[in-house]
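**Student:** Sharing a structure with you now.
The values are calculated or read from the model by the stated rules, or taken from the named source; none is laboratory data. Keep in mind that what you see is a predicted model, and the values were worked out from it rather than measured. Note that each Cβ is placed from the backbone with ideal geometry, even for glycine, and that neighbours are counted across all protein chains shown. Accessible surface is based on the protein model in full, side chains and every heavy atom, while ligands, DNA and RNA are left aside. Shrake-Rupley method; radii C 1.70, N 1.55, O 1.52, S 1.80 Å.
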Amino acid sequence: GAASDNDLYINQAIVFIEDAIQYRSINHRVDSKSLWLYRWYYSRTCQWILSLTITVILALAFVEEPSSLTVTSDVRYRLPAWNPPCGLTESLELLCFLVFLVDVSVKSYLIGWKEFWKNKWLMAYILTLIVSLADWIVSLSFFCRESVRIRRILRPFFLLQNSSMMKKTLKSINSTLPEMASVVLLLAVHLSLFTMFAMLLFARTKDNQQDKEWVVYFRNLPDSLTSLLVLLTTANNPDVMIPAYSKNRAYSIFFILFTVLGNLFLMNLLTAIIYNQFRGYLLKSVQSSLFRRRLGIRAAFEVLSSLKETPASAQQSCVSVGALLQVLQKAEMDSRCKQAIMRSLKMCSCDQLSAAQFQKLFEELDKDAIKQHPPSPEYQSHFMQKMQFAFGHPCFGYLGNVVALANIISICVVLVMDADKQPSERDDFFLGAINCFFILYYLLEMLLKILAMGLKRYLSYPSNRFDGLLTVILLILEISTFAVYGFPHPGWRPEFMGLLSLWDMVRLVNMLIVFRFLRIIPNMKFMALVVTTLLDLVKNLRAFAGILVVVFYAFAITGIMLFKGTVVPLGNTRMNWIVPGLSFKFLYFIFKVPVTLGWLTQEREKKVLSWCSAHSQAGIVYCLLYVLSVHLICRWAKIYFVAWWLISSVIWVNLFVALLLENFIHKWDRRCQRESLSGIEYQRTVELMFRDVLEEPTEEELMEKLHQHPHLQLCR
């Protein structure tokens with residue numbers, strides 16, 4: 001009946017408006033049951049469960065064998081790690097797979113089967129789940145003793161497919177790869193030519209003492225190529241040139257030319273090309289998001305204009321104010337935007353809204369979130385008014401910055417004076433007394449600012465919250481220090497008591513005081529602009545951070561499988577061997593990995609052989625085989641590490657720099673167009689940063705797209 005149709009139209013409008021708010025596609029089923037399922041799926045509870053599931057399945061790698069649940073990664077000192085029994089992590093995995101199965105089923109149903117076959121991400125999602133479940137079954141059949149688990153490498157995909165922004169980023173990276181490949185090829189040519197020159201320059205001679213460069217770095221083609229590739233990363237600079245430079249200073253010209261051409265020209269040229277190809281990526285993405293928002297709002301207008309209460313005599317489509325109010329009350333949206341739209345509706349004298357008026361109302365979603373600070377208290381007393389003027393004046397804040405600088409300088413002076421003293425010779429009286437004086441000043445400053453500004457206005461400024469929080473923590477630590485160790489006095493070196501020693505407490509207080517000095521940033525205009533720009537980028541570039549996690553995770557898991565148990569401690573010597581299967585959990589290891597490879601294949605062989613010579617004949621045979629296996633493994637490992645270097649350092653870091661430059665330059669150029677107003681803060685997102693350069697979609701584009709909707713039949 002008419003009532004049920006009206007309810008359906010209202011629910012459709014609610015969902016379309018929520019899609020517009022979240023920049024979601026509207027190409028999904030729009031019948032009553034599907035709309036209920038759609039809103040349930042995108043509810044905070046369901047999305048929270050999905051995010052938690054992704055976090056859990058990614059975190060399993062830190063618990064599974066080889067476990068990372070140890071304080072230190074050094075094989076000489078760490079205790080045996082706890083390894084979960086077979087079936088524990090597998091049970092958690094199965095629960096995660098079930099959640100993902102529900103997720104992909106709901107997504108596939110909501111978009112419809114015709115759209116499903118066009119969606120490559122969903123098909124890849126199902127394929128990943130099938131492979132993961134098959135690998136999970138294999139694990140159980142082997143009682144968790146299998147060495148290779150394919151599903152662990154596939155886990156980052158679950159994070160990737162859950163973010164539309166990460167998918168767009170990958171698509172853009174894919175379009176940038178051909179241009180990057182040309183520069184990488186040029187880099188390979190540069191590397192190959194200089195490798196040939198190096199092998200000719202540092203060829204073997206009759207004098208073994210003069211052949212150190214050949215022995216260590218340029219013995220053959222693979223070693224020569226590796227040495228120069230590592231030099232391109234500057235990880236072995238200047239070690240690689242020392243033997244040749246010691247022989248003849250002129251050899252330095254070769255290394256200088258290689259470094260200048262490779263690092264200063266080609267690597268920076270790669271950054272420039274990536275920036276040139278990638279700089280329009282975010283703008284295109286935001287333009288697409290704007291189109292989705294406008295399309296969602298227009299779809300809501302079209303379904304609301306189909307309500308039975310709409311006047312039939314109207315020459316053009318229109319929506320009643322009452323219907324829109326009904327939709328707004330049920331829609332999930334920011335309270336600020338909702339209140340602003342409702343205020344505009346109450347001020348509107350008409351009962352019906354045209355498409356242009358309807359769209360204009362929802363432009364409130366595109367505006368900056370303006371945060372106005374509460375007013376200062378109004379004191380009646382003339383004395384209090386003078387106090388308020390004095391302690392609310394910017395000069396009082398500048399005085400606080402000067403005092404904080406004096407505190408930092410005094411700490412530096414005391415630390416320099418005590419740098420060479422033994423702990424038993426150190427007197428903590430001066431540092432303790434200085435800290436006590438300055439912390440009392442910080443407390444007084446905070447209280448006077450609260451008196452002048454009022455508590456609500458004081459807390460409305462992020463810099464004040466930062467300053468006040470650190471002041472309270474410093475006060476608590478100082479009181480705790482006095483309660484445990486008494487007041488400062490000459491020769492103040494009491495015995496260890498409580499959780500921390502006196503020196504630990506003093507060091508902690510000093511670190512917080514140094515950290516508190518960052519309060520000066522808001523008072524330095526251009527520094528504040530740089531910092532706020534970087535903070536905005538950090539908050540809004542979650543897609544890049546997510547892909548970075550995916551890359552790190554995939555290479556870490558691959559490294560664990562490839563190099564697990566490759567290098568282990570020998571006998572009782574407890575030599576400092578690196579175990580890549582565990583070191584990959586800490587990932588910083590990989591950045592300097594070419595040096596580690598050369599180190600393993602050269603220096604470690606000598607140490608192992610010297611250990612072997614002191615043992616039995618059987619031990620010598622074992623050691624020789626061991627060195628040979630490590631040597632071969634390390635040669636093949638170069639491919640893995642070069643791939644990591646290319647993807648992480650060469651491609652990914654340059655992409656990140658390009659995006660940072662694009663956003664930073666855009667905001668820096670606009671700094672004169674919008675200065676921060678007194679008492680007002682603008683909370684910007686990436687979409688709002690580019691709002692003034694985006695193009696509004698036309699009426700024809702919106703209607704054409706709506707008529708292509710696979711599940712929505714419009715009346716006109």
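**Student:** Report the extension gain between Leu201 and Ala433 in nm, rounded to one decimal, defined as 0.36 nm multiplied by the number of residues separating them, less their alpha carbon distance.
**Tutor:** 77.0 nm
**Student:** Using the Karplus curve 6.51 cos²θ - 1.76 cosθ + 1.60 with θ = phi - 60°, work out ³J(HN,Hα) for each residue of the range 98-112 in order, rounded to whole Hz, and write x for Gly and Pro.
**Tutor:** Computed from phi, the couplings for the range 98-112 are 5, 4, 5, 5, 5, 4, 5, 5, 5, 4, 5, 5, 5, 7, x Hz.
**Student:** Still on this structure, I have one more. Set the Förster radius R0 to 45 Å, insert the Cβ-Cβ distance between Asn268 and Ile639 as r into 1/(1 + (r/R0)^6), and round the FRET efficiency to 0.05.
**Tutor:** Efficiency, rounded to the nearest 0.05: 0.95.
**Student:** Relative to the present Cα-Cα distance, how much length would full extension add between Tyr245 and Lys167 at 0.36 nm per residue of separation?
**Tutor:** 23.1 nm
**Student:** Long-range amide H contacts for Ser320: which residues qualify at under 5 Å (H placed 1.01 Å from N, peptide plane, sequence gap of 5 or more or a different chain)?
**Tutor:** Those lying under 5 Å, H to H, from Ser320 are Leu353.
**Student:** Put a dot 7 Å past each Cα toward the Cβ at Leu8 and Leu714; how far apart are the dots in nm?
**Tutor:** Each label point lies 7 Å from its Cα, and together they span 1.9 nm.
**Student:** FRET efficiency for Asn208 and Thr234, Cβ-Cβ distance as r, R0 = 35 Å, nearest 0.05?
**Tutor:** FRET efficiency, Asn208 to Thr234: 0.75.
**Student:** Once label points are set 7 Å from the Cα along Cα→Cβ at both Leu706 and Gln372, what is their separation, rounded to one decimal in nm?
**Tutor:** 3.5
**Student:** As a test of reading the structure, rank Met511, Met180 by solvent-accessible area (1.4 Å probe, protein chains only), most first.
**Tutor:** Met511, Met180
**Student:** Moving to a separate point now. When the label point is put 7 Å from the Cα of Val189 along its Cα-to-beta-carbon vector, which residues of the range 238-281 have a backbone N closer than 16 Å?
**Tutor:** 261-262, 265-267, 269-270
**Student:** Leaving ligands and nucleic acids out of the surface, order Tyr125, Tyr553 by accessible area at 1.4 Å, largest first.
**Tutor:** Tyr553, Tyr125
**Student:** Could you give the length gained by full extension between Val131 and Ser32, i.e. 0.36 nm per residue of separation minus their alpha carbon distance, to one decimal place?
**Tutor:** Working it through step by step, the gained length comes to 32.2 nm.
**Student:** Please report the net charge: other residues with Cβ closer than 15 Å to the Cβ of Phe438, K and R +1, D and E -1.
**Tutor:** -1
**Student:** State the percentage of accessible surface on the range 364-489 attributable to carbon and sulfur atoms; use a 1.4 Å probe and exclude ligands, DNA and RNA.
**Tutor:** Percent of accessible area from carbon and sulfur atoms in the range 364-489: 72.
**Student:** While we're here: If you roll a 1.4 Å probe over the heavy atoms of the protein chains, what accessible area per residue do you get for the range 43-162, in Å²?
**Tutor:** 56
**Student:** Continuing with the same structure: What FRET efficiency, computed as 1/(1 + (r/R0)^6) with R0 = 22 Å and r the Cβ-Cβ distance, is obtained for Trp121 and Arg39, rounded to the nearest 0.05?
**Tutor:** That gives a FRET efficiency of 0.50.
**Student:** Sticking with this structure for a sec: Tell me, what ³J(HN,Hα) does each residue in the range 431-441 have, in order and in whole Hz, if you take phi through Karplus 6.51 cos²θ - 1.76 cosθ + 1.60 with θ = phi - 60° and put x for Gly and Pro?
**Tutor:** Karplus values, whole Hz, x for Gly and Pro: 5, x, 5, 4, 4, 4, 4, 5, 5, 5, 5.
**Student:** Take Met342 and Val472, extend 7 Å from each Cα along the Cα→Cβ direction, and tell me the distance between the two endpoints in nm.
**Tutor:** Taking the simple label geometry, Met342 and Val472 are separated by 3.2 nm.
**Student:** Listed here are the pairs Lys168/Lys346; Lys114/Lys705; Lys107/Lys284; which of them are more than 29 Å apart at the Cα?
**Tutor:** Lys168/Lys346
**Student:** Let me ask something else about it. Output wanted: per-residue J couplings in Hz (rounded whole) for the range 37-45, from phi through Karplus 6.51 cos²θ - 1.76 cosθ + 1.60, θ = phi - 60°, x for Gly and Pro.
**Tutor:** Once θ is set to phi - 60°, the couplings for the range 37-45 become 5, 5, 5, 5, 5, 8, 5, 4, 5 Hz.
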